[in-house]
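Report on the following structure.
A short reminder: the numbers here are calculations on the coordinates, not readings from a lab. In this text, all values refer to a predicted model and were calculated from it rather than measured experimentally. Backbone-built Cβ (ideal geometry, glycine too); neighbour counts: all protein chains shown.
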Amino acid sequence: MALSERLKPAFDRIWNIRHEMSWIVFGQFLGFLGGFLGIKVLTNLMGPNGYGQLALGLTIAGLFNTYAYGPVANVVVRFFAVSQERGTLGSYFSILKKTHRILAICAFCLAAVASGVTGYVLGGEWALIIFLSCLYGVTSGINVSFISLQNAIRQRKIVALHQGADVWLRIGLSIALLFFFSKSGCFALLGYLIGTLLVTISQRVFALKNETIRKNWHAPKADPFQEKQTFKEFTDYATSFLLFAVFASFSLYADRWILQGMFGPGAVGVYAAIYQIAASPVTIFFTMVSQLIVPIVFERAGTMTSMAQMENSGRLLLQTLLVSSLVAILITVVAYLFSEPLIRVLTNTTFAKHHSMLWIIVLGLCLFNLGQQLTIKGLSFNQPRIYLWPKILQAASLFILGFFLAHYFEISGVAWAVCLSSIVYLVAVFAVNKRLRLIIS
């Protein structure tokens, strides 16, 4: 079958859901503009060292999403349709609310202890960075759960507006605090925290306006046995993502900490700025695809009890991968051809000296996200654990190659480590899916 014939059903499906897609594109476009404005202003206000502090603080916040709120968000988006099909949305919301309360209490205690120890060892500024990073991680994690819930019910307009507002509020408040107070990572992180907190409050208000959510949000206490069974199912699913978190934390943040250990915060600031520029178009595209397609794939997969559910969800996933691959090639070519002017315009000449690694990071991120799309196949069967060893291989290869290549090629060596480890991950996921297909057959 010709490539055009393979792609035609995918474009037909996109046309059929064009209204939903238009809101997703609008939200991501708002985030795209806000993100680039943030890079330009913050890198010039803070310089490499200050921007490096912010980048390291965001990695700490990211750990909360990786280890706690990421697994919860995956449960939110996967089991909404399942719970609705079973008529157990009351238990679904009850368990999720309890989980978030427990996580918030534990995170606050951890933040207090970690910032106290850091203050004693490294001083007050780093203690405050740790504390604000932890609070931002909690707020951002709750916000991600609301985004997952709104995506599950396909409230594209609400998600788009809140995602755009989140970026602009975070960046705008950070710039204001840096301008009026001190140009340090602490005030930038405080701006991020306040901005996301306001958006999270708004998310809750809009979520409860939905009749299905409102009717089940405060539903009478479910049967204890039913709630116990639901909790066990959620836990079994989320545990796999918790295992992934150990290795995902390396794959997501090891590059910055390798540079911090070898070259200091200035190198982290340069790398983080270029990485963010590389990640912006890649993340926006793959996030749009994920928000648009994944809920539909899971909706079609349902409980995966019939051959029709398997075939319909699998066909849509294949079409999505074909379109995503073409766009990934286009983004990489643009990054290769225009790396120097892009970095110079979006930052300054200090950062532009390292422009050559832009396309390398873009390629690596594209390959990694294609691998992530392939994992949707196993997630549809509620088998996320089968992707554990690809995660291990990717994290290990990034960590080892990062140290080795940074020793010889400095900052650009870490960029190559990101790219090569993504190739390892993509190949490993493909191998797992091939084995899963044989088992299903």
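Within the same chain, lysines fewer than 8 places from K183 are excluded, and of the rest, those with a Cα less than 27 Å from its Cα are K40, K353.
What is the gain in length, in nm to one decimal, between I105 and Y408 on full extension, counting 0.36 nm per residue of separation less the C-alpha to C-alpha distance? Don't skip to the answer; put the middle values down first.
Details: separation 303, 0.36 × 303 = 109.08 nm, distance 4.42 nm.
Result for the pair: 104.7 nm of gain on full extension.
Cα centroid separation, region 268-284 to region 115-166: 19 Å.
Net length available on complete extension from D236 to I400 is 55.9 nm, with 0.36 nm assigned per residue and the Cα-Cα distance removed.
Show me the ranking of peptides 73-81, 324-332, 115-123 by mean Cβ neighbours inside 10 Å, starting with the highest.
Ranked by mean Cβ neighbours within 10 Å, highest first: 73-81, 324-332, 115-123.
For region 359-441, the spread of Cα positions along the three principal axes, ordered from largest to smallest, is 47, 21, 17 Å. Straight-line reach from K97: taking Cα to Cα under 23 Å and skipping same-chain neighbours fewer than 8 places apart, the lysines in range are K209, K215, K221, K228, K232.
Go ahead and run the numbers for FRET between K97 and L326, Cβ-Cβ distance against an R0 of 45 Å, rounding to 0.05. Calculated value: 0.60.
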